[in-house]
1. Can you name the residue in the range 132-161 that is crowded, with 16+ Cβ neighbours inside 10 Å and small (G, A, S) and, of all such residues, is farthest from S185 (Cα to Cα)?
2. Does A213 satisfy the criteria of being crowded, with 20+ Cβ neighbours inside 10 Å, modelled with pLDDT under 95 and assigned to a helix (DSSP H, G or I)?
3. Answer yes or no: is there a residue in the range 114-137 that is at pLDDT below 95, farther than 15 Å from M168 by Cα and not in a loop (DSSP other than H, G, I, E, B).
4. Would you check which residues across the range 211-234 are closer than 13 Å to V93 by Cβ and either in contact with a Gly (Cβ under 7 Å, 6 or more places away or on another chain) or of a type in the set (D, E) (or both) and list them?
5. For P164, only one of the following conditions fails: (1) surrounded by fewer than 18 Cβ atoms within 10 Å (Cβ to Cβ); (2) at pLDDT 95 or above; (3) not in a loop (DSSP other than H, G, I, E, B). What is its number?
6. Do we find that E296 is under 18 Å from V234 (Cα atoms) and at pLDDT below 95 in this structure?
7. May I ask you to list the residues in the range 167-199 that are in a loop (DSSP other than H, G, I, E, B), of a type in the set (A, V, I, L, M, F, W, C) and closer than 30 Å to V234 by Cα?
8. Check off (1) in a helix (DSSP H, G or I); (2) under 23 Å from the mean Cα position of the chain (by Cα) for E279 and give me the number that stays unchecked.
Amino acid sequence: MLAVTTFSLTAMVSAYSGATSTLTPRAVQLLIDDSTAQNTLATFLGSFLFAITGRVILFSGTIVVILFIVFTLLRWIEHIARFGRVADTIDRVEHAALAAVDTIAMPLALDARPDGSPPRGMIAICPETVARVTHVDMAVLGEIAEAVDADIHILALPGKLVEPERPMALVARACDDDRIARIRSAFTLSQHRAFDHDPRFGLIVLSEIASRALSPAVNDPGTAIAVIEAGSRVLRRIVDHQADVPSLPVRVHVPAIQLADLLDDWCRPIARDGAATIEVGIRLQKALGALAGHAEDARPLIRRAAQDAIERATVALTSGPDRAAIERAYASCFGEG
């Protein structure tokens, strides 16, 4: 069992290295957090310890342990066959982004208009270090807002980089040091972005996978197309989730998530790096067209993203028929000649 454990660790490290070199380093954390791999290693190591202690105790339960090890080993063989593969990692990133969507507690802006500015004269709450916001505890902020009888405006959503010179929240009334510390503690900070409450990060990682696949060294448009399909599913879920957004505390105000930013994070890198690949360009147009049909209120915004992709492709494509084909795809999706 010790040998099997060592082999498993070697396979896992190879999978991590492969994901870093062929996909994107940001996706490796999802492989490290894989529960099947962790549970399997724990089982193998536990069976090794059982084999040592079993020499001095009765053999009761040995059959059960052996059967459990065999079952775990078979499951591990099936799991490791796909662990760290491109398709498996894309699925993991997509599932992480979809799970993060369900945690969203702020509205989605379907147009390009900026949010209104908070009132002037508010007290700024700044972080004590440079870090990324990974979670905001709305319930705690709601309790503080009621206790001090003042509105709290959140400026930093999960994923945002915060700095001591820039506020991450504003309070309409001066607070004592204890309450200021509680407001700060409601913002979970980390040196790195996390997937849990940040669907935008999932879209960024998906686009990085596509960009790596479209690089001259890899030249894998199929992976980019798979990323387009995964990203479109995430964006659909974000649009649909708006009907289920939980109500926020009355005196806590949050900025809307900008669909324009989400489209830029996901679509623009693919449009840029896949501009010279007709298959990627057509599939991107079809995905954007389907999304526009699903979210009619956001159609002008999505059309602009499609137009940007068309402009990039027109410059990069050297074949006249290819340029005509992608223009037909755009016209078919958005009803323009």
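The values are calculated or read from the model by the stated rules, or taken from the named source; none is laboratory data. This structure is a prediction, so every number in the text was calculated from the model and none was measured. Don't worry about glycine lacking a Cβ; one is built from the backbone with ideal geometry, like all the others, and counts go over all protein chains shown.
1. Checked the range 132-161; the qualifying residue farthest from S185 (Cα to Cα) is A150.
2. yes
3. The answer is no, given that none of the residues of the range 114-137 is at pLDDT below 95, farther than 15 Å from M168 by Cα and not in a loop (DSSP other than H, G, I, E, B).
4. E229, V234
5. Just one mismatch for P164, condition (3).
6. So E296 fits the description; yes.
7. Those that are in a loop (DSSP other than H, G, I, E, B), of a type in the set (A, V, I, L, M, F, W, C) and closer than 30 Å to V234 by Cα: M168, A186, A194, F195.
8. (2)
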